[in-house]
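Engineer: Attaching a single structure in structure tokens format; questions to follow.
Just so it is clear, none of the values below were taken in a lab; they were calculated from the coordinates. Computed from a predicted structure; not experimentally measured. Note that we place each Cβ from the backbone using ideal geometry, even for glycine, and neighbour counts take in every protein chain shown.
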Amino acid sequence: MRAAPATATAAATAVLLLALLGSSAAQSRKKPTTASPVSDGELADECPEPNGYFADAYQCDKYYECRDGAITEKLCPDGMVFNDFSPDQEKCDLPFNIDCSKRPELQTPQPSLHCPRKHGYFAHEEPNVCDKFYYCVDGKFNMITCPDGLVYNERTGICTWPDEAKKKGCSSQDVFQFTCPKVNESEAQQHPRYADPEDCQFFYVCINGEVPRRNGCKMGQVFNDKTRSCDWPRNVPECADWYKGVLTDEELYALEHPKPKVKSQSAYKTRNGGRQRPAPSSQEEDAA
């Protein structure tokens, strides 16, 4: 028996999440303009510059504030690290956005329920739970579930395809319970598609013929395994009744034959400031 149909729009959540974190990561990974990090040995001497914020040379969540040459040691909230993009800004950021490879030390963790540290994104404790993770703020957690087909990526802090997350026990085959059929090299390059055996609305795209990624058709459509594309249920005999009890025949017909949108006259732009041109006078018509 195939499972009940589900909408194929959940992946939009992942796109939004990808866009928000990706923009922060892109800004953070620009070439820093700061002076050299400050070591503890230099702390008693002087600031790198009279004013600004400067990273510690060894500890990623420690930094220094300099005001008129006076230096003050500071610490980011537990789970955050110092963003050294600009000495003019005092900013702590998520570790996913900052390269801490040259200053890997961190403060002692302050764990709480589901939160290894007070702030940040953290994987589920159970290694085989792939699509759930925790967002922690001040030691309080909120569990988040990835959109269908995606898993939590511990390296980036967002939901990604299983083959991108590369988490043990959460591979594409583990998550989907689907193995791409063997094909020749020419066909593999086309990223072949295959119907989901449990759900008419969904299908698998086999990247390079090997790695499955689950995708779905829009509401009202099913995957046609013969044409390898989304189609209407009436064209796929084995899925003809897939939406029975979910959509009426009238609703399915309306989805397949949408009424054309009628634009009002006010919707058309004109050359005279958006107003409709006046109707020509009788003299103008005669002249024409």
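Engineer: Decide, for the stretch 90-202, between rounded, prolate and oblate: order the square roots of the alpha carbon gyration tensor eigenvalues as a ≥ b ≥ c, take rounded if a/c falls under 1.5, and otherwise choose prolate if a/b is larger than b/c, else oblate.
Structural biologist: Prolate, since a/c reaches 1.5 and a/b exceeds b/c.
Engineer: Once you have the Cα-Cα distance between residue 90 and residue 68, take 0.36 nm times their residue separation minus that, and quote the gain in nm to one decimal.
Structural biologist: Answer, rounded to one decimal: 6.3 nm.
Engineer: So, one more: Under 16 Å Cα to Cα from residue 168, which aspartates and glutamates show up? Leave out anything in the same chain fewer than 8 places away.
Structural biologist: The reachable aspartates and glutamates, counting only those whose Cα sits under 16 Å from residue 168, are 125, 126, 131, 154.
Engineer: Can you work out the FRET efficiency for the pair residue 142 and residue 110, with r the C-beta to C-beta distance and R0 = 25 Å, to the nearest 0.05? It would help to have the intermediate numbers written out before the result.
Structural biologist: On the way: r = 18 Å, r/R0 = 0.71.
That gives a FRET efficiency of 0.90.
Engineer: Which value in Å is the Kirkwood Rh of the stretch 166-211 over different Cα pairs?
Structural biologist: Mean inverse Cα-Cα distance, inverted, gives 11.3 Å.
Engineer: While we're here: When a footprinting reagent is the concern and you count Cβ atoms within 10 Å, what order do 236, 246 take, fewest first?
Structural biologist: On the way: 236 20, 246 12.
Lowest to highest Cβ neighbour count: 246, 236.
Engineer: Report the gain in length on full extension from residue 210 to residue 177: 0.36 nm times residue separation, minus Cα-Cα distance, nm rounded to one decimal.
Structural biologist: Net length gain for the segment: 10.5 nm.
Engineer: Between residue 100 and residue 240, what's the calculated FRET efficiency when r is the beta-carbon distance and R0 is 51 Å? Round to 0.05.
Structural biologist: So, using R0 = 51 Å, E works out to roughly 0.35.
Engineer: What do you get when you divide the Cα radius of gyration of the stretch 178-258 by 2.2 N^0.38 Å, with N the number of residues? Each step should come with its number before you reach the end.
Structural biologist: Values: Rg = 14.0 Å, N = 81, 2.2 N^0.38 = 11.7 Å.
Here the Cα radius of gyration is 1.20 times the empirical estimate.
Engineer: Just want the ordering: 143, 80, from fewest to most Cβ atoms lying within 10 Å of their own Cβ.
Structural biologist: Result, fewest neighbours first: 143, 80.
Engineer: Using Cβ contacts closer than 10 Å as the measure, can you line up 101, 86 from fewest to most?
Structural biologist: If I rank by nearby Cβ atoms, fewest first, I get 101, 86.
Engineer: Next up: So which of 132/218; 167/244; 102/167; 218/261; 62/140 end up more than 29 Å apart by C-alpha?
Structural biologist: Numbers: 132/218 25 Å; 167/244 38 Å; 102/167 25 Å; 218/261 20 Å; 62/140 23 Å.
Over 29 Å apart, Cα to Cα: 167/244.
Engineer: Can you give me the Cα centroid spacing of the stretch 117-173 and the stretch 227-267 in angstrom?
Structural biologist: Distance between centres, Cα-based: 36 Å.
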